[in-house]
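Following: one structure in structure tokens, then a few remarks.
Each reported figure results from applying straightforward, stated rules to the coordinates on display, with no laboratory input. All of these numbers come straight from a predicted model, not from anything done at the bench. With ideal geometry, Cβ positions are generated from the backbone for all residues, glycine too; neighbour counts draw on all protein chains shown.
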Amino acid sequence: MSSCRNPARAAIAAALVCAGAAQAQGRYPQIGRAATPQEIAAWDIDVRPDFKGLPKGAGSVAQGMAVWEAKCASCHGVFGESNEVFSPIVGGTTADDIRSGHVARLDDRSFPGRTTLMKLSTVSTLWDTIRRAMPWTAPKSLTTDEVYAVTAYILNLGGIVPDDFSLSDANIAEVQKRLPNRAGMTTAHALWPGAGGRVRPDVNATACMTNCGPAPAIASVLPAFARSAHGNLAEQNRRVGAQHGIDTASGGAKAAGGDGGGAQALALAQKYSCVACHGVEHRIVGPAFREVATRYAGRDDAVAYLAGKIRSGGSGIWGAVSMPAQPLVDADARTIAQWLSDGAPK
Amino acid sequence: MRIHIFMNAGPPPAKEGRLDSECNRPGRLLRAPENFLDAAGVRAVVAQAGQGRRDFIRGAFAAAVAAGAATAPRAHAAEDAASAMAGGDPAMLTLPAHSTGLGQPVATDGYGRPSKHEANVQRRRSPGLTQTGQSSVSFAPLQSLFGIVTPSGLHFERHHQGWWDVDPTGHRLMINGSDARIVKTPRVFTLDDLMRLPSVSRFHFIECGANTGMEWGNVAVPTCQYTHGMLSCSEFTGVPLRLLLEMCGVDFRRGRFVLGEGADGSSMTRTVPMELVESGEVFVAYGQNGEMLRPENGYPLRLVVPGVQGISWVKYLRRIEVGDQPYGSKDETLHYVDLMPGGQHRQYTSTQECKSVITAPSGGQRLQGTGFYGISGLAWSGRGAVRRVDVSVDGGRNWRSARLESPVLSKCLTRFNLDWVWDGRPALLQSRAIDATGYVQPNTRQLRAVRGTRSIYHNNAIQTWRVQESGEVDNVQLS
């Protein structure tokens with residue numbers, strides 16, 4: 001992927017740059033200092049696709065499994081399959097892909113995800129990432145051999161290396177030749193400035209001014225249930241201006257779920273950390289939402305009263321522990337209060 | 001008789017007598033232009049002014065005493081509004097506290113903040129987009145911004161392993177080579193060093209490669225904050241990287257790529273081709289909009305790579321390596337690769353192609369009735385300056401060219417405006433930008449015809465906002 005540059009032009013450019021370089025070193029004396037070999041060794045941790053920078057070492061699949069279960073599985077799942085915290089690492093590759101170097105499911109629209117092993121085209125990338133950034137909460141804490149071991153374990157989960165395999169600097173180039181998506185990348189496109197601007201843009205539109213194209217037809221809109229998925233848009237626009245935000249807190253959400261407002265009220269209870277002290281069915285520090293709903297079921301002004309109490313806080317009604325005043329806007333307090341006065345339904 | 005008297009600004013005189021004695025000094029008391037006063041006249045005026053000043057002080061005391069009580073009638077202002085409206089706007093007929101009381105002193109807040117009434121203007125997460133807050137993104141509220149500069153506190157965020165507030169006195173930048181021959185003398189620079197070197201200050205946009213990525217297949221989010229808010233623009237200040245490389249004695253013939261590396265837990269790395277460095281455009285920045293970088297944006301040092309997606313603007317920049325081939329890092333192999341029809345990924349997709357969006361009126365807003373509106377938006381290109389922006393209100397059938405507001409800068413946001421009178425009928429608002437290379441921003445159909453719908457990255461399609469008869473504006477895509 002290195003560029004095929006015009007040699008004559010390059011030589012001239014290089015000569016000019018060299019002249020500039022000599023000048024720059026003299027022009028700014030006493031700024032910066034030479035790096036020590038120890039400093040370079042401490043910081044120069046990158047590993048390139050040609051394995052330049054890869055330190056000597058080795059680690060087995062079995063050793064990797066032990067490290068994985070202790071330090072990686074909580075986020076990525078025991079088999080690297082988890083979608084809970086991050087995208088899955090393992091899955092979607094086949095023995096055929098190992099032969100072809102193209103992951104077939106990348107062209108299969110019915111296949112839901114794109115795992116790390118489906119995309120990985122250079123094994124150095126996996127090694128380098130684990131070395132510099134993993135584990136997520138304690139990056140750079142693994143030993144070199146542990147990095148080899150964890151890399152080996154992931155490759156084993158993808159069927160790329162056998163169970164009894166030990167990955168090392170000596171055999172990693174052989175593993176590269178078995179990566180399922182090793183031939184899956186291209187740099188032949190106009191978005192890579194390293195290509196020297198030789199590739200033309202792939203999408204060529206024209207600037208027609210009148211009577212252009214077919215009459216417009218709407219193909220996609222936001223579904224009604226998603227109307228309030230990003231919160232109340234009225235609160236995401238300035239209070240003055242040519243346009244104001246649409247109030248998506250009232251009406252929209254109810255129509256959305258048909259759930260009696262429970263989802264929205266509970267989302268607010270989550271947002272304002274009400275749920276730290278109140279369960280729906282069970283009391284925690286304060287009363288359960290269902291208890292509150294029962295107590296005020298017969299009260300005509302329950303919504304206004306409860307909205308007021310949510311915002312002002314109170315003490316003495318439910319026990320010794322007082323509830324502090326809550327800094328939520330009135331509309332949100334009323335949404336929760338309405339849900340409580342409706343009996344706190346699911 | 002009206003007597004006009006003009007006094008120099010300054011502390012009020014301690015004694016009338018002293019002022020009197022100074023009256024005749026030129027500059028201390030300026031004569032009213034239409035009346036030349038004699039000495040007796042000046043004394044009379046000064047005496048009146050002194051009397052008036054005492055009255056003012058007495059008045060201020062009375063106002064302070066009444067301040068508590070004054071809030072009581074205020075509370076009924078809304079109820080009074082209906083009856084008062086016959087005679088005029090109660091917001092004008094009843095003077096507010098800020099017109100009748102004493103305001104706050106200087107330096108109440110040593111690093112000021114926006115009005116409390118601007119609390120709705122916030123950067124926000126998109127619910128459900130990521131499971132963690134440390135590997136996530138927040139979107140800039142484009143719908144509420146003016147001009148081209150993003151206030152630093154509203155700059156979009158993208159963190160890979162959480163953000164840090166790094167102590168600048170302990171921060172270092174090291175420049176080395178992938179082998180010993182590419183960089184003659186690897187060097188270490190402190191912030192003190194870097195800030196001594198000649199600096200440049202330039203306005204540039206920064207856009208995440210995944211901006212508008214949720215909209216490749218269909219409409220997914222409601223407002224331009226979420227469709228286009230991984231976009232910001234600042235004036236950055238720093239040192240051209242070329243200068244630093246020259247100080248280290250880089251072999252530019254072999255060293256055709258540089259790797260930027262961050263000091264945070266992710267130690268984010270990205271490859272930048274040397275062509276961009278040699279152009280002088282790439283620099284290491286410590287300044288942003290007149291202050292230092294914000295911690296969320298890489299304080300105290302980040303790479304600025306104009307025209308290239310934000311992931312390459314490495315934050316907390318600790319190291320530059322010069323090498324003879326690209327590095328295939330995580331964020332150029334596993335992420336930030338664009339999936340094309342047929343299953344091939346485009347790697348090292350970096351340039352942000354020409355794009356624009358109308359920010360007002362935009363999705364999630366409501367027009368307050370028919371009549372005049374200004375259609376306003378932003379346009380930008382990673383290949384140079386914006387040459388023209390066209391706006392359509394009929395879904396792309398007919399277009400008018402918008403006004404480009406100055407400044408119009410290379411690889412920078414450009415603000416465009418167009419006058420529009422809304423007649424109350426449904427409308428489909430679109431903008432289409434053209435850059436200095438002649439590249440025309442495509443519509444969704446044209447883009448998908450080439451790249452399909454699964455790329456995630458580099459969606460620069462024309463955005464459509466639908467204005468409904470109710471005045472509500474929502475996000476739609478046309479077939």
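Tabulated results
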| item | result |
| --- | --- |
| FRET efficiency, A:Ile45 to B:Asp419 (Cβ-Cβ, R0 51 Å, nearest 0.05) | 0.35 |
| Shape parameters for the range B:141-284, alpha-carbon atoms, Rg then Dmax in Å | 18.0, 53 |
| For peptides B:320-327, B:246-253, sequence by mean Cβ density within 10 Å, most packed first | B:320-327, B:246-253 |
| Cα gyration tensor, the range B:333-461 - rounded (a/c under 1.5), prolate or oblate | prolate |
| Peptides ranked, highest mean first, by Cβ atoms within 10 Å: ranges A:180-186, A:91-97 | A:180-186, A:91-97 |
| Set of aspartates and glutamates near B:Lys411 by C-alpha distance (under 13 Å), chain-local residues within fewer than 8 positions excluded | B:Glu207, B:Glu235, B:Glu281, B:Glu353, B:Asp435 |
| Label-point separation, A:Asp342 to A:Val240 (7 Å along Cα→Cβ), nm | 3.7 |
| Under 17 Å from the Cα of A:Lys346 - aspartates and glutamates, other chains or at least 8 residues apart | A:Asp259, A:Glu281, A:Glu291 |
| Overall form of the range B:212-270 per C-alpha gyration tensor (a/c, 1.5; a/b vs b/c) | prolate |
| Distance from the range B:259-316 to the range A:146-212 (C-alpha centre basis), Å | 24 |
| Average beta-carbon neighbours from other chains, 10 Å sphere, peptide A:137-145 | 1 |
| Chain A shape via C-alpha gyration tensor axes, a/c threshold 1.5 | prolate |
| Counted charge near B:Ser381, where neighbours are those whose Cβ lies closer than 15 Å (Asp, Glu -1; Lys, Arg +1) | +2 |
| Distance violations [Cα-Cα > 20 Å] among A:Lys140/B:Lys330; A:Lys271/A:Lys309; A:Lys71/B:Lys315; A:Lys71/A:Lys140; A:Lys119/B:Lys330; B:Lys315/B:Lys355 | A:Lys71/B:Lys315; B:Lys315/B:Lys355 |
| Highest average packing first - B:285-295, A:201-211, Cβ atoms within 10 Å | B:285-295, A:201-211 |
| Neighbouring partner chain Cβ atoms per residue of B:333-344, average, 10 Å criterion | 6 |
| B:Cys354, B:Cys208 arranged by Cβ crowding within 10 Å, fewest neighbours leading | B:Cys208, B:Cys354 |
| Net charge contributed by nearby residues that have their C-beta within less than 9 Å of A:Met118 (K/R +1, D/E -1) | +2 |
| Label-point gap, in nm, between A:Asn83 and A:Thr206 - each point 7 angstrom along Cα→Cβ | 4.4 |
| Those aspartates and glutamates that a straight Cα-Cα span of less than 19 Å connects to A:Lys177, excepting residues fewer than 8 apart in one chain | A:Asp50, A:Asp96, A:Asp97, A:Asp128, A:Asp163, A:Asp164, A:Asp169 |
| Relative frequency of Cα-Cα separations exceeding 20 Å in the range A:58-176, percent | 38 |
| Stretch gain in nm, segment B:Met195-B:Ser115, where the contour uses 0.36 nm per residue and the Cα spacing is subtracted | 25.5 nm |
| Largest-first ellipsoid semi-axes for the range B:110-185, taking √(5λ) over the Cα gyration tensor eigenvalues, angstrom | 35, 19, 14 |
| Simple label model, 7 Å out from Cα along Cβ direction - A:Asp301 to A:Thr94, nm | 7.0 |
| B:Leu93-A:Asp247 FRET efficiency (beta carbon distance; Förster radius 22 Å; 0.05 resolution) | 0.15 |
| Debye-sum result for the range B:291-391 in log10 I(q)/I(0), which assumes one identical scatterer on each alpha carbon, at q = 0.12, 0.16, 0.22 Å⁻¹ | -0.67, -0.98, -1.20 |
| Peptide B:258-269 - average C-beta neighbours from other chains (10 Å radius) | 4 |
